[in-house]
Every structure is written in C-alpha cells, then in structure tokens.
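Each remark here refers to the structure printed beneath this line.
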Amino acid sequence: MAAKFLGAHMPTGKGLGQAVTAGHDMGCTAIQVFTKSPQLWKSKPVDPSVAQTFKDAVAKTGLNEIICHDSYLINLCAATDELREKSINGLIEEVQRCALYGIRWVNSHMGAHVGQGEEVGIAKIIEATNQVLAETPTEVGILMETTAGQGSSLGATFEQLAKVYEGIDQKERVGVCLDTCHVFAAGYDLSTEEGYEEMWARFDSVLGLNLLKAMHLNDSIGAFGSRKDRHAPIGEGAIGEGAFRRLMNDARFENVPMVLETPMEDEGHVKDLAKLKSYFA
Ligand SMILES: [Zn+2]
Ligand SMILES: [Zn+2]
C-alpha cells in the first residue's frame, strides 16, 4: 500500500487558505506551512477572516493533513535568558495560532546547545517544552524534528529525542518528524536497503514507530554523515531514489503525512511529487 498523505511545504504569500487550495491543485494530500515569517520574531494576531478562509479551504478540498513549521529563530535551549524566553514565547504563539487555524501539529527544531553541552541543552529543552505545553490548547501538539547535527544542534540521534520525550509531561502531545536529509547527514544510511531497515529498527526500539507523526522528504546535497543540512531534489542527491521508493511503499508509514522541502525553483515540488508518485509499486 502506497503513502496516502503526500505533499509539500507550500508558500503562503497569497494567504494560508490559498496555500491549501494550491496544494490540493498540485495533487498534495498533505502540506506544511509557516503561519508567520520564519525569519522574524514578531507576528501579527490571527485575523479571524483569514482563519475562516483557511478552514473553508480545508473543508472544501478535504486536505486536512497539515503541519506548521515553526520559526527558524526558536532555540529552546538558548544560552541567554532573553533569547530563551523569546523562543518559549515564540513557540507558545506558534501553538496558539495553530489552535485558531485548526492545525494539529507544530514541527519544531528544538534547539542547539551552543556550547552548554548536550545534557544542559536537553534539560532546558524539556523544561521549555513542558512550559509551552502547559500554557497552550491541548488539541495542538509539537513534533520534534530530527536534525542533521550541524553545529551544536540537538536531535541528531534518536537517543537524544528519546531523552527529551522521557521528560515530557503531556506525552500525548509530542511526536517526531523524521527528515530524510537530516538523518542521512546525521549518520543513518537509509540509502541502502539494509541501512534503511536498520534505521527504522533503531527508531522503533529507541522511540517507537507510533511516535512518528510526520516526515520531511528531502534528498541530501551533503554526503552521508556530513552533518550538513542541505536539501536536494528527490533522487538527485547523496541518498538517491531507492530510499524514497521504499518509503512510498512501506505499509508501516502509509498513514504518516510526508512533505517535500526540496528546492522550489523551476516547479521543483511539482517534479518531486511526480517522481515520488512514480515510485508507487
Ligand atoms: Zn525538515
Ligand atoms: Zn533541513
């Protein structure tokens, strides 16, 4: 059985509702969006009419597997109190906005320890996440995204994510989003059949496959183990099409939403989506 919820990160320049409609027109059954500019701290309050247009588009298209990607600025284990507080408030606002839009998950790069060490970083992430969850509507959850391990980014190993998860109070509101480029760069070789199975066996034993709530489908410009977060079009990077062929037909993941974050130039997502669908057995 092939992946049922497949799509791409959609631009929201024409509005959040338009992103849903455009995604649907492109053949997406899942999409990811930003609900504000990811490069800025500030955000505008959610306009009720924009929220309504978004909900109408979801109802009309039936496209309701939607993930919000959080701001790139957020670092839940930032070294200074000022930056950490801004990050916690930023993530609280991301979750609150999603509640108003009716979006189930906020995908988050949890943080980089910036020299404080892994242990301190993880403890701070746990504390911050618990605060965010305690202060936000329960219908929205947070997805911890796997990272490439660039710099001092945490979340590059399943073990690190499991440590964070262990400390979470409201566990039913936390899951994992696996990014294929990031895990490959971090040292999980899903490019071979054997490595692919090994990675998922490891994920299952350390985290449990039921924690996998979404995937980012990206090939990798960086080599295996390079710890570089650079996305390539599907089948054109160091991972190659085999891994994506396997993912498209892996019955374990048929209900897991999968979205592309590959380069968007020259209709990149349209081409990559067509490629993925051509892999259906
Ligand atoms: Zn990603
Ligand atoms: Zn990335």
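Can you tell me which residues in the stretch 104-121 are among the aliphatic types (A, V, I, L, M) and over 19 Å from the mean Cα position of the chain (by Cα)?
Once the filter is applied, which keeps residues that are among the aliphatic types (A, V, I, L, M) and over 19 Å from the mean Cα position of the chain (by Cα), the stretch 104-121 yields Val114, Val120.
Would you be able to say whether some residue in the stretch 265-276 is of a type outside the set (Phe, Trp, Tyr) and not in a helix (DSSP H, G or I)?
no
Find all pairs meeting these conditions: Cβ atoms under 6 angstrom apart; at least six residues apart or on different chains; first residue within the stretch 94-123 and free of Cβ contacts under 8 Å to residues at least 40 places away in the same chain; second residue of a type in the set (Val, Ile, Thr) and not in a loop (DSSP other than H, G, I, E, B).
Listed by first residue and then by second, the contacts come to Val106/Val95; Val106/Ile142; Ser108/Ile142.
Applying the selection to the stretch 9-46, what residues are in contact with a Gly (Cβ under 9 Å, 6 or more places away or on another chain), of a type in the set (A, V, I, L, M, F, W, C) and farther than 16 Å from Ile103 by Cβ?
Across the stretch 9-46, the qualifying residues are Met26, Trp41.
Of everything in the stretch 20-70 that's out of contact with any strand residue (DSSP E or B) (no Cβ under 6 Å at 6 or more places or on another chain) and acidic (Asp, Glu), which residue is nearest to Lys86 (Cα to Cα)?
It comes out as Asp47.
Does the stretch 171-179 contain any residue that is surrounded by 20 or more Cβ atoms within 10 Å (Cβ to Cβ), more than 15 Å from ligand 1 (Cβ to nearest atom), of a type in the set (Val, Ile, Thr) and outside any helix (DSSP H, G or I)?
So far as the stretch 171-179 goes, yes, one or more of its residues are surrounded by 20 or more Cβ atoms within 10 Å (Cβ to Cβ), more than 15 Å from ligand 1 (Cβ to nearest atom), of a type in the set (Val, Ile, Thr) and outside any helix (DSSP H, G or I).
I'm trying to understand the selection: among the residues of the stretch 185-240, which are within 14 Å of ligand 1 (Cβ to nearest atom), outside any loop (DSSP other than H, G, I, E, B) and more than 21 Å from Gly7 (Cβ to Cβ)?
Ala185, Ala186
Would you check if Glu119 is within 16 Å of ligand 1 (Cβ to nearest atom) and assigned to a helix (DSSP H, G or I)?
Answer is no for this residue.
All of the numbers you see were taken from the coordinates with simple rules; none came from a lab. Given the structure is predicted, the values throughout are model-derived calculations rather than measurements. Cβ coordinates were reconstructed from backbone atoms using ideal geometry, including for glycine residues, and neighbour counts include every protein chain displayed.
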